[in-house]
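One structure is given below, encoded as structure tokens.
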Amino acid sequence: MQIIDAANLDYRTLNEALRGAETDYIAKDCRGQRFIAAGMSDINLTIEGIPGNTLGAYLNNANITVNANAQDAVGDTMNEGKILIHGNIGDAAGYAMRGGKIYVKGNAGYRAGIHMKAYKDKIPVMIIGGYAGSFLGEYQAGGVIIVLGLHKDNKRIVGNFPCTGMHGGKMFLRGRCEDISFPKQVTARRAAPDEFDEIREYLSEYCSDFSYSADELLSDPFTVVTPDSKNPYKQMYVAN
Amino acid sequence: MKLEGQVRIPSGCAISAAISKNGNKMSGEMITNSMKPMHDRSNGLGGGFAGYGIYPEYKDFYAFHMFFDSRGTRKECEAFLKERFEIVHSEIIPTRKIPAITNEPIIWRYFAAPLKSVLVSLQLDEKEFVAKTVIKINAEMSGAYVFSSGKNMGAFKAVGFPEDVGVFYKLEEYEGYSWTAHGRYPTNTPGWWGGAHPFTLLDYSVVHNGEISSYDANRRFIEMFGYKCTLQTDTEVITYIMDYLLRVQGLTLGEAASVIAAPFWSTIAAKTDFDDQKKHTYLRTMFPSLLITGPFSIVLGFEGGLMALNDRLKLRSMVVGEKDDRVFISSEEAAIRSMEPNAENIWSPAGGEPVVVKVKEGAF
């Protein structure tokens, strides 16, 4: 275990320190350094203070825990690993992520899960404990987004225009979502019991990370959103 | 050096602000330091600040901050000003020589009041007269540029990183009830001193992160009302739009926000508050050419307050936090934490949702 005082380090120096011989690190007093742990594998990193934008970009297989809020573009294009945020996250979290997990206790800003994608056994998963801003799952192409709406104020579970351009993957929103309007190319319906099996493992892990009861959560109704077509753009191209 | 129009630089920015609702004074050092964690958002081609409540000894006079390219231009401009204003005090704005800031123009400030006789003969109210004078100098007097023209406030800007610009202008020696700051990463125009933010007219100042795609449509409309966009920089037009909507048209801050960051028609149609729906329909219909599209997050400074606003799609980040009577606004939470480590209620306003913070009546 190595403790790094990040207060006066720029992002390059901080990342160099994280490439040392240890596997466990605590970065203390972070002050907005960008790109923390970008592309890193096989380390466990705990962040104290505020990490900057693009935390864990291209993350390969590392575990990152943030004990406060995180800024924009958490897990940008991450491949594998896990990012656990005990606060809220900014905009465009999980931008184009193609594997791994982002678990957030609090709320997400705009465009969470924009352009997430999946390939074979690589299935990115994002779970947001509170509410998500507008354009949730914009251009989602794969993977799983779950929003739990456990926040206490009266905000709607998701802002305007969710699933705009969504053409793959699945989204689970706790509740009936009757007041939310989805675009035409997706279907929003009540989740069937067997669909819970798809997310039970993730939710159990999330609940043990943040001390909730998975059984209680899964006893509530969920709305599941899927795109209607595997290839909504096919009429725009020549068939070959 | 190449100016606007001679080169295009295709390529973000940082903004920050702080205000005391009780009107307590804060030195410019805190806002300068808030730009440090956001260093990478700028590229050294512009930094600037606006402070409100900084000139209490001259609070009844317009404070003109000016750049000149030569002594001759300054003399010529002073002669022009003296025909229209009573100048009660003029001086070089104190600066520090630091390696990070070079090639500075001649930087002066004038505390002045319009001559009553001139106002009477032109039949103009005071603010309109001052605005017209500023626009005239900036559009017609080559080598002279007014970069601040409000009462009891002032903008300070330069080419450089914002944290260096604050040191250059000795902002730690000023005390204001509100401050805004900007770090520039110019996207379309070269960085020169006039093109740094904030952009100001009278007591309005705007710092902006983004790149508006409606610039020319907005410019063509606003220039019909006597404004002249002299810099091809999108933020300049936002300042004039705010002056036009707030001062000339008399809209409230919330209404002006609904004009420039108007909700989508589908969002207006879905409103269940019919008065609100009617108001938004009216505003979009009345001022369609003042809708600002493309990414922006701005902080508008004005006498006694601040307004923060994101574009309706929220294509730029903005975070708000509070501590006691103070409110902080910034592109990044890290900047807020640098001003107040124990800031509370950290939240991100939605796209098009204005955050208006005013100093208590009588406290500024």
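The values are calculated or read from the model by the stated rules, or taken from the named source; none is laboratory data. None of the values given here were measured: they were computed from a predicted structure. Here the Cβ positions follow ideal geometry from the backbone for every residue, glycine too, while neighbour counts run over all protein chains shown.
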query = When the stretch A:104-130 is examined, which residues are found to be among the aromatic types (Phe, Trp, Tyr) and within 14 Å of chain B (Cβ to nearest Cβ)?
reply = A:110
key: Counted residues, the stretch B:36-79 - those being over 17 Å from the mean Cα position of the chain (by Cα) and either buried (at least 22 other Cβ atoms within 10 Å of the Cβ) or not aliphatic (A, V, I, L, M) (or both)   = 27
ask   = What number of residues within the stretch A:48-59 satisfy the criterion of being within 20 Å of residue B:40 (Cα to Cα) and within 13 Å of chain B (Cβ to nearest Cβ)?
value = 7
ask   = Are any of the residues in the stretch A:37-46 in contact with a Leu (Cβ under 9 Å, 6 or more places away or on another chain), assigned to a loop (DSSP other than H, G, I, E, B), of a type outside the set (Ser, Thr, Tyr) and within 14 Å of chain B (Cβ to nearest Cβ)?
value = yes
note = Scanning the stretch B:246-259 residue by residue, those surrounded by fewer than 21 Cβ atoms within 10 Å (Cβ to Cβ) and out of contact with any helix residue (DSSP H, G or I) (no Cβ under 9 Å at 6 or more places or on another chain) turn out to be B:250, B:254
inquiry  = Take the residues in the stretch B:260-275 that are among the β-branched types (Val, Ile, Thr) and more than 9 Å from every other protein chain (Cβ to nearest Cβ); name whichever of them is surrounded by the most Cβ atoms within 10 Å (Cβ to Cβ).
reply    = B:260
ask   = Hey, does the stretch A:93-104 have a residue that's modelled with pLDDT of 95 or more and of a type in the set (Ser, Thr, Tyr)?
value = yes
key: Of all residues in the stretch A:78-95 being away from chain B (no Cβ under 14 Å) and of a type in the set (Gly, Ala, Ser), the one that is nearest to residue A:147 (Cα to Cα)   = A:94
query = Which fully enclosed strands (runs of 3 or more DSSP E) of the stretch A:107-195 have 1 or more residues being over 21 Å from residue B:348 (Cβ atoms) and in contact with a helix residue (DSSP H, G or I) (Cβ under 9 Å, 6 or more places away or on another chain)?
reply = A:125-128, A:141-147, A:168-174
remark   = Counting only residues that are closer than 19 Å to residue B:154 by Cβ and not in a strand (DSSP E or B), the stretch B:34-55 contains a total of 6
query = So which of B:236, B:223 ends up being farther than 26 Å from residue B:331 by Cβ and part of a helix (DSSP H, G or I)?
reply = B:223
ask   = When you go through A:149, A:168, A:159, A:137 one by one, which is the residue that is over 22 Å from residue A:87 (Cα atoms) and of a type in the set (Gly, Ala, Ser)?
value = A:168
remark   = Of the residues in the stretch A:148-162 that are more than 14 Å from chain B (Cβ to nearest Cβ) and at pLDDT 95 or above, the one that is surrounded by the fewest Cβ atoms within 10 Å (Cβ to Cβ) is A:150
inquiry  = Tell me whether the stretch B:164-180 contains one or more residues that are more than 25 Å from residue B:335 (Cβ to Cβ) and not aromatic (Phe, Trp, Tyr).
reply    = no
note = Over the stretch B:308-354, the set of residues part of a helix (DSSP H, G or I) and hydroxyl-bearing (Ser, Thr, Tyr) is B:338
key: Residues of the stretch B:285-307 that turn out to be in contact with a helix residue (DSSP H, G or I) (Cβ under 7 Å, 6 or more places away or on another chain) and either within 27 Å of residue B:348 (Cβ to Cβ) or part of a strand (DSSP E or B) (or both), as a count   = 7
ask   = Out of curiosity, is residue A:15 away from chain B (no Cβ under 12 Å), among the polar types (S, T, N, Q), within 21 Å of the chain's Cα centre (by Cα) and not in a loop (DSSP other than H, G, I, E, B)?
value = no
query = Quick one: would you say residue A:133 is under 23 Å from residue B:311 (Cα atoms) and more than 13 Å from chain B (Cβ to nearest Cβ)?
reply = no
message = Against the condition surrounded by 17 or more Cβ atoms within 10 Å (Cβ to Cβ), at the interface with chain A (Cβ under 10 Å from one of its Cβ atoms), more than 22 Å from the chain's Cα centre (by Cα) and of a type in the set (A, V, I, L, M), how does residue B:334 come out, does it pass?
response = yes
ask   = For the stretch A:22-36, does any single residue satisfy the condition of being within 14 Å of another protein chain (Cβ to nearest Cβ), in contact with a Ser or Thr (Cβ under 7 Å, 6 or more places away or on another chain) and assigned to a loop (DSSP other than H, G, I, E, B)?
value = yes
Members of the stretch B:191-217 found to be buried (at least 24 other Cβ atoms within 10 Å of the Cβ) and not in a loop (DSSP other than H, G, I, E, B), listed by number = B:195, B:199, B:200, B:201, B:204, B:205, B:206, B:207, B:208, B:209
ask   = Within the stretch B:218-245, which residues are of a type in the set (A, V, I, L, M) and either surrounded by 17 or more Cβ atoms within 10 Å (Cβ to Cβ) or within 20 Å of residue B:196 (Cβ to Cβ) (or both)?
value = B:222, B:231, B:237, B:238, B:241, B:242, B:245
